[in-house]
Amino acid sequence: MTTVILVVLCVVVGALELYAGRQSKHQAAAFVRRVDELNEQVTKQNSVLVTVGEQLSAELSRVKRDVLPALDSRLRDNTSQVEELAALVHRADEYLRTQAGRLHELEQQRVTLAALRRKLAEVETSVRAVAEAGARTGERGAGGADVEAALARLAELERDGAGMLELQRTLTRTLEDVEDIVAELLAFTESELDEAVTATLEARPRGGRDGTSVNVVGRLWTRDGRLEDILAEVYERCLEANRLRIRFRTTDKPNGLPADDAPERRRYFLAGQRPEDLGGVFTALLISTGADLPPGGGPASLARGRPGERVLPPGVTPEPPPEDEAALKALLRALYESSGAVAQIGPLLAVRSRDEFLCAVLTPPQSLELESDGVFWDPAAAAVRLRRLPSHQLWDLSLWAAGS
């Protein structure tokens with residue numbers, strides 16, 4: 001009986017071993033199949049990567065072959081155009097200086113001719129009076145001969161004066177022609193510079209070397225004619241302090257006002273700084289001006305001193321401000337003394353209306369919008385538009401200027 005049990009157990013164990021062996025073979029075969037599938041997937045992925053790499057290489061080759069040379073050609077063309085414009089502005093500047101000298105000389109000649117005609121008229125009047133007096137007294141003799149000779153000389157001078165008058169008319173016509181040419185040249189140059197500034201504000205590349213191309217526009221106008229020259233001097237000193245060079249300037253009169261009564265509107269085309277760099281500089285200067293003014297409000301420390309005054313500990317001597325800050329403060333104080341004024345230096349716009357004094361640092365789109373609406377020369381309209389700006393762009397310096 002025991003033997004039968006042992007035999008049965010052996011048979012069972014053998015069957016189990018046979019089953020386990022067969023299961024191991026199946027698992028091994030399944031594992032091999034899985035490995036083969038993974039190898040096939042890796043092969044397919046490698047093929048896809050090779051295809052993508054070939055496509056990328058072809059695209060890079062096309063960019064190097066077609067796009068980059070075209071960009072280089074466009075940059076060279078733009079650079080040449082800007083150089084031509086710079087040469088044109090330089091020639092226009094030389095031509096304007098030459099014509100200004102000629103105009104001055106012609107004006108001097110006109111004044112001299114007018115004075116000569118007046119002198120001749122005075123001499124003729126006096127000589128005729130002497131001749132008439134001699135005729136009445138009957139004293140002809142040597143004095144009468146002298147008078148007749150003087151009258152003959154005057155007649156000859158009158159004939160020469162007629163020629164001088166014709167010469168003056170010719171000179172006047174020439175002056176008018178020269179003025180027309182200069183006006184057309186000024187209009188052309190101003191339009192070219194306007195296009196350059198607009199391209200800078202719209203971030204359109206125009207080539208040119210940094211620091212030499214015109215990319216900043218300036219404006220200056222005051223209602224008070226007595227302050228025009230002073231404001232212009234302070235304004236140009238502020239430009240110099242901020243490393244801006246005047247490449248071209250124009251002046252004109254507002255429409256509808258007499259030429260003698262209307263203040264001049266001055267426009268400046270500037271180079272040396274980019275508008276975005278000036279925006280940061282002027283923002284920092286306006287924060288410093290007026291003792292840390294909060295954006296859009298009055299001084300933060302009015303209770304500790306006058307508006308715009310920094311309170312220092314006893315015995316401490318205040319350090320002089322930097323040159324650009326001092327120049328800007330001088331310009332702002334000069335603007336405040338006017339009953340109406342507008343000053344712009346790139347993104348900086350200062351407006352003095354009858355009731356308030358506002359400063360703002362504009363973005364390029366805002367500058368273009370105000371330019372298209374034509375409010376730069378109207379302090380009241382400009383102040384209304386500035387009040388709509390975000391608070392971090394606007395400074396009300398009325399209290400600061402009144403207390404400085």
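The values are calculated or read from the model by the stated rules, or taken from the named source; none is laboratory data. Keep in mind that what you see is a predicted model, and the values were worked out from it rather than measured. With ideal geometry, Cβ positions are generated from the backbone for all residues, glycine too; neighbour counts draw on all protein chains shown. We work out accessible area using only protein heavy atoms, side chains counted, and drop any ligands, DNA or RNA first. Shrake-Rupley method; radii C 1.70, N 1.55, O 1.52, S 1.80 Å.
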Could you check Leu113 against (1) open to solvent by 70 Å² or more (accessible area, probe 1.4 Å); (2) closer than 30 Å to Arg169 by Cβ and say which number it fails?
(1)
Can you list the strands (runs of 3 or more DSSP E) found entirely within the range 335-385 that contain at least 1 residues being at pLDDT 90 or above and closer than 17 Å to Pro263 by Cβ?
341-345, 348-352
Taking the range 82-108 and the residues there that are open to solvent by less than 80 Å² (accessible area, probe 1.4 Å), in contact with a helix residue (DSSP H, G or I) (Cβ under 9 Å, 6 or more places away or on another chain) and of a type outside the set (A, V, I, L, M, F, W, C), the one that is farthest from Phe248 (Cα to Cα) would be Glu107
Residue pairs within 9 Å by beta carbon, gap of at least six or interchain, first lying in the range 37-50 and in a helix (DSSP H, G or I) and at pLDDT below 85, second open to solvent by 100 Å² or more (accessible area, probe 1.4 Å) and of a type in the set (Lys, Arg), listed first then second, are none
Might you check whether a residue that is within 16 Å of the chain's Cα centre (by Cα), β-branched (Val, Ile, Thr) and surrounded by fewer than 19 Cβ atoms within 10 Å (Cβ to Cβ) occurs anywhere in the range 372-384?
no
Starting from the range 357-380, keep only residues that are under 11 Å from Pro347 (Cβ atoms), then list their pairs with residues that are open to solvent by less than 50 Å² (accessible area, probe 1.4 Å) and among the β-branched types (Val, Ile, Thr) whose Cβ atoms are within a distance under 6 Å, requiring at least 6 positions of separation or different chains.
Val361/Thr283
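Within the range 386-404, restricting attention to residues that are part of a loop (DSSP other than H, G, I, E, B) and at pLDDT 90 or above, which residue is nearest to Thr222 (Cα to Cα)? First the steps, then the outcome.
Pass one, the range 386-404, residues part of a loop (DSSP other than H, G, I, E, B): 387-390, 397, 404.
From what is left, the residues that are at pLDDT 90 or above are 387-390, 397.
Numbers: Arg387: 21, Arg388: 23, Leu389: 23, Pro390: 26, Leu397: 18 Å.
Here the residue is Leu397.
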Unmet requirement for Ala92, which otherwise passes all of (1) without any contact (Cβ under 8 Å) to a residue 60 or more places away in the chain; (2) closer than 30 Å to Tyr268 by Cβ:
(1)
Checking Thr51 against (1) more than 30 Å from Arg247 (Cβ to Cβ); (2) touching a helix residue (DSSP H, G or I) at 6+ places or on another chain (Cβ under 9 Å), which single condition isn't satisfied?
(2)
Among the listed residues Arg76, Arg34, which satisfies the condition of being surrounded by 10 or more Cβ atoms within 10 Å (Cβ to Cβ) and under 30 Å from Arg247 (Cα atoms)?
Arg76
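Give the residue that is modelled with the lowest pLDDT, with candidates limited to residues of the range 310-334 that are open to solvent by 60 Å² or more (accessible area, probe 1.4 Å) and of a type in the set (Lys, Arg).
Taking the candidates together, the pick is Arg310.
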Do we have Pro379 as more than 17 Å from Thr289 (Cα to Cα) and touching a Gly at 6+ places or on another chain (Cβ under 6 Å) here?
yes
